[in-house]
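Input: a single structure, listed below in structure tokens.
The values are calculated or read from the model by the stated rules, or taken from the named source; none is laboratory data. Computed from a prediction, not measured in an experiment: that's the story for all the values here. Cβ placement follows ideal geometry from the backbone for every residue including glycine, while neighbour counts extend to all protein chains displayed. Accessible surface is based on the protein model in full, side chains and every heavy atom, while ligands, DNA and RNA are left aside. Shrake-Rupley method; radii C 1.70, N 1.55, O 1.52, S 1.80 Å.
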Amino acid sequence: MDKPIANAPKEATEATCRAHAHLHTTLPKDTGEDFELARRGFIDTIPDAKSLNEGGFPVWDMSTFAFVTEGSAAPGSVNPSLWRQAQLNAIHGLFEVTKGIYQVRNFDLSNITFIEGDTGIIVIDPLISSETARTSLALYRKHRGERPVKAVIYTHSHVDHYGGVKGVLTDEDLARGDVRIIAPEGFLEEAVSENVLAGNAMGRRATYMYGALLPRGEKGHVDAGLGKTVSLGQVSLVPPNELIAHTGEKLIVDGIEIVFQMTPDTEAPAEMNFFFPQMKALCMAENCSCHMHNIYTPRGAQVRDAKSWSYYINEAIDLFGGDTDVLFASHHWPRWGREVAITFLEKQRDMYKFVHDQTLRLANHGLTPLEIAEEIALPPTLASEWYSRGYYGTLNHNAKAVYQRYLGWFDGNPARLHPLPPVEAAKRYVDFMGGPNAVLRKARESYDKGDFRWVAEVVNHLVFADPSNADARHLQADALEQLGYQAESGPWRGFYLTGAMELRNPRPPSPTPRPGANGQVKALPAEQLLDSLSVRLNGPKAAARRMALNLSFTDTGETYLLKLENAVLHHRRGRNDAKANASIALTRTAFAEIVLREKTLADLVAAKAAKVEGEAAALDDLVQLLDVFDFWFEIVMP
């Protein structure tokens with residue numbers, strides 16, 4: 001039985017306050033320049049930058065961050081450097097970047113940019129949610145007139161740069177089909193693969209990374225580093241109708257010349273920078289922002305290529321630096337002046353190359369990822385810049401990412417080649433350490449000394465050996481909480497504090513899976529929709545079963561042969577098997593509803609929305625072999 005231990009967040013310990021005091025001595029001098037840059041060109045805002053959905057619920061509301069006031073000292077529960085970044089990310093509104101270029105900032109995690117053309121506007125990166133994008137467009141039009149949207153540019157394949165597109169395009173715009181939707185080659189494939197194939201795990205981990213479940217306050221969510229947080233509105237995706245494939249490609253869009261630079265495998269697998277010669281303005285997408293970015297994102301994704309990242313920043317300098325008067329990006333605030341912009345680019349370039357090169361130097365000396373992460377430190381010329389701080393990515397986990405990209409998860413020590421899984425290892429560790437009471441006694445002594453990293457490592461074994469041990473869970477929560485208070489990185493803080501919250505307040509188990517949102521699945525192209533089924537197939541259940549289905553999607557005209565054999569699903573476009581178990585004709589959306597278990601094939605046949613030849617139960621049999629993922633799987637407990 002759990003003892004009645006208080007579940008509320010605790011105060012910062014003396015050890016955490018000492019850590020903050022030490023950090024103060026290492027931070028760059030604050031001249032106030034960043035605050036000036038973040039406010040430059042300010043035109044207007046709306047109260048609390050608030051966006052409401054159709055039901056009146058706020059999907060974005062900066063009043064929840066009112067406790068972060070400019071010029072205030074950081075409380076003991078917040079890293080002082082992150083507190084400064086939180087103040088900068090609280091500055092919201094419509095800003096003029098240069099003549100003809102406007103940004104709305106901090107109405108969502110990312111920026112939305114408006115480029116004025118001859119007859120309308122070009123929208124760059126329409127945020128996460130339709131509601132926040134619509135609010136931003138209304139603010140722009142209030143001051144610049146009812147200019148129609150002539151084009152939308154997606155800089156890259158992350159949802160905070162395309163999800164709000166239906167907030168800037170109406171159904172009439174989409175029906176006319178005359179709005180240019182421009183994106184880098186590979187955009188749609190990457191947007192789909194990242195958010196669907198591993199989407200359940202990524203989504204759950206993102207609740208930790210962005211502090212989505214935490215109360216907003218000095219002991220909760222303060223800032224994500226990249227921006228305040230993620231909006232909670234309607235996510236949409238309109239596929240691009242123009243793709244950029246090569247560096248140097250030029251487009252004239254509503255009278256505005258744009259020169260593109262492809263930057264694959266940098267901050268996103270499909271990403272591009274671009275330059276506006278008439279305005280001498282360079283958009284660096286999310287490849288350069290006012291912090292160190294993630295080479296590996298803790299929510300989970302493929303490791304990014306730090307070497308390519310650095311290379312493409314350098315190429316941007318060579319291509320556009322000499323002509324750039326202003327540099328802006330998809331997050332944070334711009335830089336004005338040619339030399340200022342080039343210096344910023346050079347230091348961002350060298351920051352990523354330093355992490356890459358020095359990690360591999362140390363790896364070639366035989367150091368492991370954990371050892372490298374403890375040893376590596378930026379040189380003074382980079383460490384002296386606020387925009388090199390680890391508010392989002394960190395030097396620690398980025399070094400591990402570089403190691404992983406080149407050498408993988410194994411550090412070469414055979415003792416770590418085939419370790420026991422967490423629960424089995426935990427039980428043995430606890431036994432070896434003298435049992436639960438001995439572990440708790442020693443861990444409390446370490447906690448009192450401020451050795452929180454060690455407490456978290458040791459007590460994690462106790463929690464996994466016996467998650468019903470409330471004393472262990474609460475001590476682990478206390479340790480994670482102090483680590484969260486000390487974290488300069490918004491995502492690290494989010495992970496630590498969300499872990500502490502879930503240890504103190506375990507979620508009741510559910511007899512059935514609690515799936516996340518499936519809206520994006522219904523919008524998938526057929527190829528990606530069928531791919532998503534493959535990762536849901538329960539191999540042990542499928543075992544030696546064989547099945548073939550001929551699918552005809554009546555809305556797209558596509559046909560597929562879907563085959564199950566060797567506990568693997570294959571699909572082949574344009575194929576047909578005369579001996580298939582069944583041939584089924586229906587829309588792609590209807591097929592998605594069946595595999596999501598929202599409707600049955602029988603329902604659709606009865607409604608004359610599907611036709612079947614052969615074994616009508618075959619598709620139902622296949623659906624029963626598909627797992628339904630539980631979004632709320634445990635992370636800090638077994």
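Annotations for the structure displayed:
- Protein accessible area in the stretch 341-394, 1.4 Å probe - carbon and sulfur %: 54
- Geometric extent, Cα atoms of the stretch 381-476 - Rg, Dmax (angstrom): 17.6, 50
- Per residue, the accessible area of the stretch 415-483 comes to 55 Å² when a 1.4 Å probe rolls over the protein heavy atoms.
- Once C-alpha pairs closer than 8 Å and six or more residues apart are averaged by separation and normalised to the residue number of the stretch 230-374, the relative contact order reads 18 percent.
- Nearest-0.05 FRET efficiency for D325 and R180, computed from C-beta distance (R0 30 Å): 0.70
- For the stretch 62-73, putting each phi into the Karplus relation 6.51 cos²θ - 1.76 cosθ + 1.60 with θ = phi - 60° gives couplings of 6, 5, 6, 10, 5, 5, 8, 10, 4, x, 7, 7 Hz, in residue order, rounded to whole numbers and with x for Gly and Pro.
- Radius of gyration and maximum dimension Dmax of the stretch 318-368, Cα, Å: 15.3, 45
- Long-range HN-HN contacts of F42 with modeled amide H, under 5 Å: E96
- Look at where the Cα atoms of the stretch 505-580 and of the stretch 307-321 average out, and the two centres are 41 Å apart.
- Rounded to the nearest Hz, the phi-derived 3J(HN,Hα) couplings of the stretch 381-394 under the Karplus curve 6.51 cos²θ - 1.76 cosθ + 1.60 (θ = phi - 60°) are 5, 8, 5, 7, 9, 4, 6, 9, 6, x, 6, 10, x, 10, where x marks glycine and proline.
- Directionally averaged shadow of the stretch 1-147, computed from the convex hull of its alpha-carbon atoms, nm²: 13.3
- Here is the P(r) of the stretch 306-404: all C-alpha pair distances, binned every 5 Å from 0, give 2, 13, 21, 22, 18, 11, 7, 4, 1, 0 in whole percents.
- When both bridge partners sit in the stretch 548-618, DSSP labels roughly 75% of those beta bridges antiparallel.
- Within the chain, antiparallel bridges make up roughly 70 percent of the DSSP beta bridges whose residues both belong there.
- Summarising the label geometry, the points placed 7 Å from Cα in the beta-carbon direction at H24 and E613 lie 7.9 nm from one another.
- Quarter the surface of the alpha carbon convex hull of the stretch 544-596 and you get the mean projected area, 3.7 square nanometres.
- Additional length obtainable on full extension of the chain from E346 to K250, 0.36 nm per residue less Cα span: 32.1 nm
- Applying 1/(1 + (r/R0)^6) with r as the Cβ-Cβ distance of R572 and D171 and R0 = 25 angstrom yields a FRET efficiency of 0.10.
- Per residue, the stretch 530-638 exposes 52 Å² of solvent-accessible protein surface, assessed with a 1.4 angstrom probe and all protein chains in place.
- Shown for the stretch 155-240: the carbon plus sulfur share of the solvent-accessible area, taken with all protein chains present and a 1.4 angstrom probe, equals 50%.
- In terms of Cα atoms, the Rg and Dmax of the stretch 352-403 work out to 10.6, 32 Å.
- Computed over the stretch 171-257, the quotient of the alpha carbon radius of gyration and 2.2 N^0.38 Å is 1.50.
- Annotation: amide H-H contacts under 5 Å for V253 (H modelled 1.01 Å from N, sequence separation of 5 or more, or interchain): I258.
- Square roots of 5 times each gyration tensor eigenvalue, C-alpha, the chain, largest first, Å: 38, 37, 24
- Mean separation of Cα contacts under 8 Å (6+ apart) over length of the stretch 477-596, as relative contact order %: 20
- Diffusion of the stretch 59-122 by Stokes-Einstein, at 37 °C in a medium of 0.692 mPa s and with Rh set to the Kirkwood radius over alpha-carbon pairs, works out to 239 µm²/s.
- Solvent-accessible area assigned to carbon and sulfur over the stretch 425-522 amounts to 54 percent, based on a 1.4 Å probe.
- For E558, residues with placed amide H under 5 Å, excluding near neighbours: F553
- Computed lengthening from D621 to Y311, 0.36 nm per intervening residue step minus Cα-Cα distance: 106.5 nm
- Shape category assigned to the stretch 210-357 from the gyration tensor of Cα positions, a/c cut at 1.5: prolate
- Span-rule helices in the chain, defined as complete DSSP H runs reaching 30 Å or more along the axis (Cα) with Kyte mean at least -1.0: 338-364
- Heavy atoms of the protein chains alone define the surface here; on that basis the stretch 279-376 has 35 Å² accessible area per residue at 1.4 Å probe size.
- Separation between Cα centres of the stretch 180-209 and the stretch 247-273, rounded to whole Å: 20
- Relative contact order, whole percent, for the chain stands at 13, derived from Cα pairs under 8 Å and 6 or more residues apart.
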